[in-house]
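Written out below as structure tokens is the structure these notes cover.
The values are calculated or read from the model by the stated rules, or taken from the named source; none is laboratory data. It should be emphasised that the depicted structure is a prediction, and the values quoted were computed from it without experimental measurement. Quick reminder, even Gly has a Cβ in these numbers, built from the backbone with ideal geometry, and neighbours come from all protein chains shown.
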Amino acid sequence: MPAERRQEGTAAYGRTGGSWSLAGFRLRLLLLAALVLLPLYIQLISGVFGEYAAARGEVRNEGLRVVRLVALQQEHAVAAIKPLLSVLSRLPDVVNRLPTCSAYMERLLKDNPGFGDVGVAGPDGVIYCAGDSRSLGVSAADKSWFTRALSGTGFAAGDYDVASGKQSVGFGLPFDGPDGSLGGVVYATQDLDTLNEIAMRVSLPADSVLTVVDRGGTILSRYPDPQHWVGKTVPDAPLVQALRGARLAEGVFEAPGLTGVPRLFAFTQLDPATASSPYVTIGYARDVLLAGAKRDFMLNLFGLAALTLIVLLLAWSGGNYLIIDQIRALQDVERIKAEFVSIASHQLRTPITSLRWANELLMSGTVGPLTPEQSGLIGQTDRTLKDLQALANDLLQVNALDTGTQLHPEQTDLARLAREAAGELSLEIGKKGLAFSASYGDAPAPVIADPLFLKQTIMNLLANAVRYTPKGGAVSLAVETGRGEARLTVVDRGLGVPEAEKPRIFERFFRASNVRSRHSAGSGLGLYLAKAVVERSGGRIGFSSRENEGSTFWFSLPLSKPAPAAGSHKKRA
Amino acid sequence: MNKILLVEDNESLALSLGIALKAAGFEALVAEDGEKALKTAVEERPALILLDLFLPVMDGFKVLEHLKKDGRTSGIPVAVFSVLSQDSDKVEAKRLGAKAYFVKSEMSVQQVVDEVRKLLA
């Protein structure tokens with residue numbers, strides 16, 4: 001074959017391209033490489049959680065220490081009040097309601113700036129003796145320290161409250177009068193400004209705040225910025241909500257602070273002995289706490305990203321060298337094989353055609369009459385040539401489908417194609433003396449399929465039926481439409497398919513054992529092609545068969561809308 | 001008698017088709033390669049050219065191009081006559097001016113003769 005011609009043939013026949021893409025494979029390879037790094041990413045993320053847990057732990061340790069210290073300081077202050085009230089309750093000035101009582105209390109107040117007031121209320125609650133003269137004559141009957149002192153038998157602590165802009169807590173101790181009946185209640189109120197002083201003394205870390213808040217959401221103390229906050233009631237603040245929801249007397253939680261800054265809080269009850277005790281909290285700014293962790297995370301993330309890039313580059317180049325190049329080589333082999341089959345099949349067609357034509361001329365008597373023996377021999381040769389041509393056609397089609405050649409679906413008429421196929425096989429049907437019946441329905445059966453391949457499919461099914469039905473037997477072909485499909489059925493009374501071989505009947509190159517032993521011709525490609533073509537056209541194919549009784553092969557395709565003008569079908573050569 | 005120029009390098013095919021055409025009343029001229037085809041076309045002015053695509057020296061498409069460019073042969077109808085049945089080849093042949101496209105492996109010799117008659121009718 002001249003080089004020029006061979007080259008042209010390759011170009012013309014070379015339909016290549018696998019059913020899967022190399023790019024997709026490469027992507028999977030890279031994903032696999034990236035997957036190797038997944039544990040490192042998981043470690044990085046879990047590290048973030050670890051840092052967060054560590055920050056919480058630090059808050060738990062350090063924050064709780066601070067708030068406990070505050071609570072302890074308060075406890076000491078309160079503890080000092082009890083003996084003081086005890087002493088006062090026995091003073092003659094108090095018990096006997098002497099006019100000198102208030103002067104005494106005034107001096108006491110001056111010496112102890114931590115007190116808001118010190119004094120005595122009568123059994124009716126009216127204050128008759130006080131260090132702060134503004135308290136004289138005022139009724140303390142509704143003060144919690146007063147009611148609790150009377151309802152109990154001894155020292156009582158009142159509620160923490162903010163009255164007239166000053167946050168304080170009162171304490172009361174009942175005492176007997178000279179006649180043994182209730183003389184009144186001596187009291188002292190502690191100025192909670194001292195809490196702010198405590199906060200200053202415990203040297204809070206930067207960006208942290210100390211807050212004392214009661215259960216109603218009233219802020220009793222806050223450092224820094226006490227002037228702005230103390231006395232305000234913020235029951236809806238997340239901090240207050242979180243404290244209300246707390247089940248334990250002390251702990252740690254995360255919430256926005258009063259100014260909205262996200263904080264980690266440690267809290268404890270200011271006075272654990274009192275059920276309604278306010279809470280003392282210390283809140284650390286989360287951003288400040290986690291700044292180190294954030295920096296570490298970003299550094300690690302950049303490091304890991306760089307590592308990922310390197311791994312992907314290695315996977316790319318290593319994958320090329322170790323895998324992709326090998327696959328390319330294999331694909332080349334596949335492509336060359338496909339081209340070889342394509343070229344060989346095409347080149348077979350020319351000599352087959354020339355032999356067929358010569359036979360045709362001999363049989364037609366164009367070149368003179370033949371003896372019956374000569375005629376018989378030529379007829380035999382002709383049948384063999386047709387088998388050979390069918391094989392070449394099948395190989396070409398299988399090759400085309402295997403190498404991903406696209407079918408050319410178009411509107412076509414299954415009934416018309418079936419008629420044409422039956423017409424082309426009429427000679428063989430007649431020669432075998434088969435009883436052939438066909439029904440094509442009353443109307444066209446419009447489907448979307450490649451007419452060339454679809455006709456070959458019908459030819460394959462019908463040729464099998466004709467070939468494997470004994471002389472004088474019956475073969476039928478039917479095309480019908482219904483339920484949105486066009487269905488073609490070929491029934492024969494032929495050899496049938498052995499039960500055990502039924503699952504393999506559509507395999508490439510498979511020929512049933514009973515057929516192989518009787519007919520040498522046949523490529524084992526016809527049904528394989530039929531299935532491929534039908535399924536690629538969106539249809540279904542199937543069969544039922546009993547050995548020595550016959551087979552029914554069918555396929556169905558979705559009906560399409562009929563073409564606007566009948567006979568507008570584009571005929572292909 | 002109508003002259004038919006058969007451009008075909010396969011001797012056996014050319015022989016069979018030549019006999020069939022002769023029997024049908026045509027005069028069959030055979031050219032085995034592209035250059036001879038062009039020469040014969042100019043000299044003999046056939047009524048129809050049956051042109052194979054796979055040809056030595058010059059392939060069928062080039063022959064067709066030359067035939068249609070040459071004023072002496074551009075009026076002669078050409079039927080491409082190949083074993084190739086790909087759409088792209090058919091489109092290319094039509095573009096270059098072929099009147100018909102036959103896939104010879106799918107036809108009997110009688111069908112070819114019938115098509116020739118139709119083209120000359």
*If you scan the range A:207-216, which residues turn out to be in contact with a helix residue (DSSP H, G or I) (Cβ under 7 Å, 6 or more places away or on another chain) and farther than 14 Å from A:GLN269 by Cα?*
A:ASP207
*asked:* Checking the conditions here, which among B:LYS39, B:LYS22, B:LYS99, B:LYS94 is exposed (fewer than 15 other Cβ atoms within 10 Å of the Cβ), facing chain A (nearest Cβ under 10 Å) and farther than 22 Å from A:ARG349 by Cα?
replied: B:LYS22
*Would the range A:332-347 turn up any residue that is of a type in the set (Lys, Arg) and within 21 Å of A:GLY522 (Cα to Cα)?*
no
*Residue by residue through the range A:67-81, note down the ones that are β-branched (Val, Ile, Thr) and either in contact with a Pro (Cβ under 9 Å, 6 or more places away or on another chain) or at pLDDT 80 or above (or both).*
A:ILE81
*Look at the range A:114-142 and say how many of its residues are part of a loop (DSSP other than H, G, I, E, B) and either in contact with a helix residue (DSSP H, G or I) (Cβ under 9 Å, 6 or more places away or on another chain) or among the β-branched types (Val, Ile, Thr) (or both).*
9
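Report, by residue number, each residue of the range A:311-338 that is among the charged types (D, E, K, R) and closer than 30 Å to A:ASP394 by Cβ. If you could, list the steps in order and put the result at the bottom.
As a first pass, look at the range A:311-338 and keep what is among the charged types (D, E, K, R): A:325, A:328, A:332, A:334-335, A:337.
Residues satisfying the conditions are A:ARG328, A:ASP332, A:GLU334, A:ARG335, A:LYS337.
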_Selection from the range A:233-243 of residues that are in contact with a Gly (Cβ under 7 Å, 6 or more places away or on another chain) and either at pLDDT below 75 or among the small types (Gly, Ala, Ser) (or both)_ = A:ALA237
*Can you run down the residue pairs with Cβ atoms below 6 Å, 6 or more apart or on separate chains, where the first is in the range A:342-371 and within 17 Å of B:LYS104 (Cβ to Cβ) and at the interface with chain B (Cβ under 7 Å from one of its Cβ atoms) and the partner is buried (at least 19 other Cβ atoms within 10 Å of the Cβ) and of a type in the set (Ser, Thr, Tyr)?*
A:ARG349/B:SER105; A:THR353/B:SER105; A:TRP357/B:SER16; A:ALA358/B:SER16; A:LEU361/B:SER16
_Being in a helix (DSSP H, G or I) and within 14 Å of another protein chain (Cβ to nearest Cβ): is that true of B:VAL57 here?_
no
*Residues of the range B:1-19 satisfying the condition of being surrounded by fewer than 17 Cβ atoms within 10 Å (Cβ to Cβ) and within 10 Å of chain A (Cβ to nearest Cβ)*: B:GLU11, B:SER12
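To keep it simple, each residue is scored yes or no on (1) of a type outside the set (Gly, Ala, Ser); (2) within 30 Å of B:SER105 (Cα to Cα); (3) modelled with pLDDT under 80.
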position: A:MET298; (1), (2), (3): yes, no, no
position: A:SER317; (1), (2), (3): no, no, no
position: A:ARG328; (1), (2), (3): yes, no, no
position: A:SER342; (1), (2), (3): no, yes, yes
position: A:LEU348; (1), (2), (3): yes, yes, no
position: A:LEU355; (1), (2), (3): yes, yes, no
*For the range A:422-446, which residues satisfy the criterion of being assigned to a helix (DSSP H, G or I) and either touching a Phe, Trp or Tyr at 6+ places or on another chain (Cβ under 9 Å) or in contact (Cβ under 8 Å) with a residue 24 or more places away in the chain (or both)?*
A:ALA422, A:GLU424, A:SER426, A:GLU428, A:ILE429, A:GLY430
*Just wondering, is there one or more residues in the range A:231-244 that are in contact (Cβ under 8 Å) with a residue 40 or more places away in the chain and among the acidic types (Asp, Glu)?*
no
*asked:* Only one of B:LEU51, B:LEU120, B:LEU67 is more than 27 Å from A:SER345 (Cα to Cα), modelled with pLDDT of 90 or more and either surrounded by 20 or more Cβ atoms within 10 Å (Cβ to Cβ) or within 11 Å of chain A (Cβ to nearest Cβ) (or both). Can you tell me which?
replied: B:LEU67
_Test for A:ALA338: is it more than 9 Å from chain B (Cβ to nearest Cβ) and farther than 20 Å from A:LYS386 by Cβ_ = yes
*Which one is surrounded by the most Cβ atoms within 10 Å (Cβ to Cβ) among residues in the range A:313-335 that are of a type in the set (A, V, I, L, M) and farther than 19 Å from A:LEU35 by Cβ?*
A:ILE327
*What number of residues within the range A:220-243 are of a type in the set (Lys, Arg) and under 22 Å from A:ASN61 (Cα atoms)?*
1
*If only one of A:LEU264, A:LEU258 is touching a residue at least 60 places away in the same chain (Cβ under 8 Å) and surrounded by 15 or more Cβ atoms within 10 Å (Cβ to Cβ), which one is it?*
A:LEU264
*Please work out which residue is nearest to the chain's Cα centre (by Cα), limiting yourself to the range B:70-91 and to residues that are small (Gly, Ala, Ser) and more than 10 Å from chain A (Cβ to nearest Cβ).*
B:ALA79
*Taking the range A:281-335 only, how many residues are among the acidic types (Asp, Glu) and either in contact (Cβ under 8 Å) with a residue 60 or more places away in the chain or in contact with a Ser or Thr (Cβ under 9 Å, 6 or more places away or on another chain) (or both)?*
2
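Residue-by-condition table, conditions (1) in a strand (DSSP E or B); (2) modelled with pLDDT of 80 or more; (3) among the small types (Gly, Ala, Ser):
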{"residue": "A:THR153", "(1), (2), (3)": "no, no, no"}
{"residue": "A:ALA188", "(1), (2), (3)": "yes, yes, yes"}
{"residue": "A:GLU197", "(1), (2), (3)": "no, no, no"}
{"residue": "A:SER203", "(1), (2), (3)": "no, no, yes"}
{"residue": "A:VAL212", "(1), (2), (3)": "yes, yes, no"}
{"residue": "A:GLY216", "(1), (2), (3)": "no, no, yes"}
{"residue": "A:ARG222", "(1), (2), (3)": "yes, no, no"}
{"residue": "A:HIS228", "(1), (2), (3)": "no, no, no"}
{"residue": "A:GLY231", "(1), (2), (3)": "no, no, yes"}
*asked:* Suppose we filter the range A:244-257 for residues that are modelled with pLDDT of 80 or more and either of a type in the set (Phe, Trp, Tyr) or assigned to a loop (DSSP other than H, G, I, E, B) (or both); how many remain?
replied: 2
*Go through the range A:268-312 and count every residue that is surrounded by 12 or more Cβ atoms within 10 Å (Cβ to Cβ) and over 39 Å from the mean Cα position of the chain (by Cα).*
13
_Being touching a helix residue (DSSP H, G or I) at 6+ places or on another chain (Cβ under 8 Å), modelled with pLDDT of 85 or more, in a helix (DSSP H, G or I) and surrounded by fewer than 18 Cβ atoms within 10 Å (Cβ to Cβ) is the filter here; which residues of the range A:396-421 pass it?_
A:GLU420
